[in-house]
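Engineer: Sharing a structure with you now.
The values are calculated or read from the model by the stated rules, or taken from the named source; none is laboratory data. These numbers come from a predicted model, not from an experiment. Cβ sites come from the backbone with ideal geometry, for glycine too, and all protein chains shown count toward neighbours.
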Amino acid sequence: MAYYWFKAFHLIGIVVWFAGLFYLVRLFVYHAEAQQEPEPARGILTKQYELMEKRLYGIITTPGMIVTVAMAIGLISTEPEILKSTWLHIKLAFVLLLIGYHHFCKRIMKQLAAGECQWTGQQFRALNEAPTILLVLIVLLAVFKNSLPLDLTTWLVAGLIITMVASIQLYAKKRRKDKEKLAQMDREPEFASSISE
């Protein structure tokens, strides 16, 4: 019975942790783009995003990580022989990468708060794909274990994921160009009126 309790809360922890990571980096996108706004909007938005990031990281994302790891330890304690499995070693390596990503986000939060972050909104959008890739790999290893299929279906799924990531990046690029074009159109009447004066 303990195994099922550990597994249930492990899954809950994973959902909470990933939800926090996905939203946190999305906030970084908005935070970075707020730096291009004129005052007083820049100051108001920056302060709001800092508060949201801090609360999300401390109240949702980090507790989600702690529950995930604690319940994973509980699961392993119910089946210690699983530690001999190759798939678990690979999965744990990906989880360590994810924990590193989690702490890297904390570092970026501090840089954003200090006004020292050089990342653009576009770069943060790309960064936001990292946990998606890790999530897919971790789930596939957990489900298939040592019999991870490497057939046509697997490659189709990988292709689908790559297509989704590329589509998101292209859409973000299009939105950015549309915004720049709109800003340029807004400036042109001002330029024309200053010439006529």
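Engineer: Mind checking which residues of segment 114-138 are assigned to a helix (DSSP H, G or I), more than 15 Å from Lys173 (Cα to Cα) and of a type in the set (Gly, Ala, Ser)?
Structural biologist: Once the filter is applied, which keeps residues that are assigned to a helix (DSSP H, G or I), more than 15 Å from Lys173 (Cα to Cα) and of a type in the set (Gly, Ala, Ser), segment 114-138 yields Ala114, Ala130.
Engineer: Working carefully through the options Ile108, Ile82, Ile73, Ile90, find the one that is within 22 Å of Leu141 (Cβ to Cβ), of a type outside the set (Ser, Thr, Tyr) and modelled with pLDDT of 95 or more.
Structural biologist: Ile73
Engineer: Next question, about the same structure. Look at Trp5 and say whether it is closer than 21 Å to Ala142 by Cα, under 12 Å from the mean Cα position of the chain (by Cα) and either in contact (Cβ under 8 Å) with a residue 60 or more places away in the chain or in a helix (DSSP H, G or I) (or both).
Structural biologist: For Trp5, the condition - closer than 21 Å to Ala142 by Cα, under 12 Å from the mean Cα position of the chain (by Cα) and either in contact (Cβ under 8 Å) with a residue 60 or more places away in the chain or in a helix (DSSP H, G or I) (or both) - is not met.
Engineer: So how many residues does segment 139-154 have that are at pLDDT below 75, of a type outside the set (Val, Ile, Thr) and part of a helix (DSSP H, G or I)?
Structural biologist: Qualifying residue count for the region: 1.
Engineer: Evaluate the following for Lys179: is it charged (D, E, K, R), within 30 Å of Lys47 (Cα to Cα) and surrounded by 10 or more Cβ atoms within 10 Å (Cβ to Cβ)?
Structural biologist: yes
Engineer: Inside segment 80-104, can you point out the residues that are in contact with a helix residue (DSSP H, G or I) (Cβ under 8 Å, 6 or more places away or on another chain), loosely packed, with under 15 Cβ neighbours inside 10 Å and over 18 Å from Ser147 (Cα atoms)?
Structural biologist: Ile99
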